[in-house]
Amino acid sequence: MKYKSIFVSDIHLGTKFSQADKFLDFMKENESENLYLVGDIIDGWAMKRKFRWEQSHSDVIQKILRKARKGTRVYFVTGNHDEFLRPFIPILLGENLTVLNEADYHGLNGKRYYVTHGDFFDSVTMSKKWLAVAGDIGYGLLLNLNHSLNFIRRKFGINRYWSLSKYVKDNVKQSVSFITDFEGILTNHAKQQGYDGIICGHIHKAEMKEFAGIEYKNSGDWVESCTALIETFDGAWEIIDWSNGQ
């Protein structure tokens, strides 16, 4: 399929949980005039703890660079996990690849969106990095438990995937409160700055909703949900779920 713009975030290359192969399949099947990489594409935090880099992760980088060479305008908006790039911003790589901390996006619907990974609006990440790193390690432990639990479920003939980490995110009071606060802070900032909407990542939860007239769009992640946010040439917005391929 060909779209006006594709927004993806939180691929976390450099970790064993990155679903780089599925992302490559998605990139092969879908083209766009603009490709926005909305942060945490490369996981510098994880690689500091234990270096891990598979061939598929290199293939993702090569695929993105190839798209830029062929005319796709690529915007890499940094996140907290790839913050190692921030001291060098702005970075221009050829005519079509720009690395930056934030971006403006003008939709075909005439609306103006603020594009940010979202970590600048996360008080834990910004003021208590040690706690954010601890939370990241805890998330990794939950992902490991997911693997073990689903192995046991398959042994009992239950083939449907179930995510403990997603359950915690969606049902534990503190987690739900954090997500609600995060969405509210972002949309309030967009409103104060005169934007019509916000496009982000960071919390690994793809969603499109509206707060007090401000559109909130989150592209999700490629660790569990395998989702992308797209704008069609008709000016419509959709979330594509690639968890089972298309």
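Can you confirm whether the stretch 178-189 contains a residue that is surrounded by 20 or more Cβ atoms within 10 Å (Cβ to Cβ), modelled with pLDDT of 70 or more, within 23 Å of S56 (Cβ to Cβ) and not charged (D, E, K, R)?
no
Inside the stretch 32-42, can you point out the residues that are crowded, with 24+ Cβ neighbours inside 10 Å and among the charged types (D, E, K, R)?
D40
For K217, are the conditions met, namely being under 20 Å from V8 (Cα atoms), charged (D, E, K, R) and at pLDDT 95 or above?
Judged against the criteria, K217 is a match.
So K28 fits all but one of (1) outside any helix (DSSP H, G or I); (2) closer than 23 Å to G94 by Cβ; what number is the exception?
(1)
How many of the residues in the stretch 52-84 are touching a residue at least 24 places away in the same chain (Cβ under 8 Å) and part of a helix (DSSP H, G or I)?
13
Say we look at the stretch 6-31 and pick out the residues that are polar (S, T, N, Q) and crowded, with 23+ Cβ neighbours inside 10 Å; which of these is modelled with the highest pLDDT?
Going through the stretch 6-31, the residues polar (S, T, N, Q) turn out to be 9, 15, 18-19, 30.
Going one step further and asking which of them are crowded, with 23+ Cβ neighbours inside 10 Å, we end up with 9, 15, 18.
On the way: S9: 98, T15: 92, S18: 95.
Result: S9.
From the list E238, E231, exactly one residue is farther than 22 Å from N101 by Cα, modelled with pLDDT of 95 or more, touching a Leu at 6+ places or on another chain (Cβ under 9 Å) and among the charged types (D, E, K, R). Which is it?
Going through E238, E231 in turn, just one is farther than 22 Å from N101 by Cα, modelled with pLDDT of 95 or more, touching a Leu at 6+ places or on another chain (Cβ under 9 Å) and among the charged types (D, E, K, R): E238.
What number of residues within the stretch 191-217 are basic (K, R) and not in a strand (DSSP E or B)?
2
A quick yes/no check of all residues on (1) of a type in the set (V, I, T); (2) free of Cβ contacts under 8 Å to residues at least 60 places away in the same chain; (3) farther than 28 Å from K16 by Cβ:
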position: Q192; (1), (2), (3): no, yes, yes
position: V223; (1), (2), (3): yes, no, no
position: I239; (1), (2), (3): yes, yes, no
position: S243; (1), (2), (3): no, no, no
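Out of W45, W53, which single residue is hydrophobic (A, V, I, L, M, F, W, C), at pLDDT below 95 and surrounded by 19 or more Cβ atoms within 10 Å (Cβ to Cβ)?
Values: W53 fails: surrounded by 19 or more Cβ atoms within 10 Å (Cβ to Cβ).
Result of the check over W45, W53: W45.
Go through (1) modelled with pLDDT under 95; (2) surrounded by fewer than 20 Cβ atoms within 10 Å (Cβ to Cβ) and name the single condition V223 misses.
(2) is the only condition that V223 fails.
The values are calculated or read from the model by the stated rules, or taken from the named source; none is laboratory data. All figures in this text were calculated on a predicted structure; none of them were measured in a lab. Positions of Cβ are backbone-derived with ideal geometry, glycine not excepted, and every protein chain shown enters the neighbour counts.
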